[in-house]
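Q: Okay, here's the structure, questions in a sec.
The values are calculated or read from the model by the stated rules, or taken from the named source; none is laboratory data. Since the structure is predicted, the reported quantities are computational estimates derived from the model, not experimental observations. All Cβ positions, glycine included, derive from the backbone under ideal geometry; neighbour counts span all protein chains shown. Accessible surface is based on the protein model in full, side chains and every heavy atom, while ligands, DNA and RNA are left aside. Shrake-Rupley method; radii C 1.70, N 1.55, O 1.52, S 1.80 Å.
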Amino acid sequence: MTEEELIQACIEGNQRACEQLYEQNKGWLYAVCLRYHKNVVDAQDSLQESFITIYRNLHSFKSQGSFKGWMRKVTVRCILSSFRKTKLANSNIEIKYEPIDISMLQSLDKEEITFLIERLPAGRKQIFVAHAIDGFTHKEIAEMLSIAEGTSKSQFFHARREIREALEKEIVIAKKMVHE
């Protein structure tokens, strides 16, 4: 079954097609959920909510662009919406946005970067991952979280600063932390 045929079968209510869509995509979408959540239960909940939203909105996918990209965007929106509902990302602190060079992250491996991101406070982590990893603009993040665009920029600024400071102070080297 082609991707278009699979999507159409799901729209028509074909249960096998829905199961196939889920099986083909659950792994990588779960990885997206884990980037935002600190625990498996919340990540699984977000994955479930994401697939419900994906199924309900398949009719709105216009075969312009990547279907996987569309599903990722739906998933991230579901995750950020859940954070907004629990008010984890509600910060009204606004500061002047100034870029910070964090090019030193390029020399780190995935485990080290993941460890650094996990140390961030929840709201900052959500915004950092949405912007730096998933590529959402601050305007999109602000709309999804019902916050000011400046708040998104501020939280991203603070997240990058915290990561840089951790690296500069040599507080964190994930490989050592894992082996201790």
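Q: What pairs come up if the first residue lies in the stretch 114-127 and is of a type in the set (Val, Ile, Thr), the second is assigned to a helix (DSSP H, G or I), and their beta carbons are under 7 Å apart, counting only those six or more places apart or on different chains?
A: If the second residue must be assigned to a helix (DSSP H, G or I), the pairs left are Ile117/Lys125; Ile117/Phe128; Ile117/Val129; Ile127/Ile141; Ile127/Ser152; Ile127/Gln155; Ile127/Phe156; Ile127/Ala159.
Q: What single numbered condition from (1) of a type in the set (A, V, I, L, M, F, W, C); (2) modelled with pLDDT of 85 or more; (3) within 12 Å of Leu80 (Cα to Cα) fails to hold for Met144?
A: (2)
Q: Across the stretch 1-47, what is the total count of residues that are open to solvent by less than 20 Å² (accessible area, probe 1.4 Å), part of a helix (DSSP H, G or I), closer than 30 Å to Leu120 by Cβ and in contact (Cβ under 8 Å) with a residue 40 or more places away in the chain?
A: So the answer is 5.
Q: Counting only residues that are open to solvent by 60 Å² or more (accessible area, probe 1.4 Å) and of a type in the set (Val, Ile, Thr), which one in the stretch 53-96 is modelled with the highest pLDDT?
A: Thr86
Q: Please determine, by comparing only the residues of the stretch 147-180 that are at pLDDT below 85 and open to solvent by less than 30 Å² (accessible area, probe 1.4 Å), which one is nearest to the chain's Cα centre (by Cα).
A: Ile163
Q: Identify, from the list Phe128, Phe136, the residue that is part of a loop (DSSP other than H, G, I, E, B), modelled with pLDDT of 85 or more and open to solvent by less than 50 Å² (accessible area, probe 1.4 Å). Full working, then the answer.
A: Numbers: Phe128 fails: part of a loop (DSSP other than H, G, I, E, B).
Result of the check over Phe128, Phe136: Phe136.
Q: If you don't mind, another one. Would you point out the residue of the stretch 17-39, among those that are in contact with a Phe, Trp or Tyr (Cβ under 9 Å, 6 or more places away or on another chain) and modelled with pLDDT of 90 or more, that is nearest to Glu111 (Cα to Cα)? Lay out the reasoning, then the answer.
A: First pass over the stretch 17-39, keeping only residues in contact with a Phe, Trp or Tyr (Cβ under 9 Å, 6 or more places away or on another chain): 18, 21-22, 25-26, 29, 36.
Those left that are additionally modelled with pLDDT of 90 or more: 18, 21-22, 25-26, 29.
Numbers: Cys18: 33, Leu21: 29, Tyr22: 27, Asn25: 23, Lys26: 22, Leu29: 19 Å.
Here the answer is Leu29.
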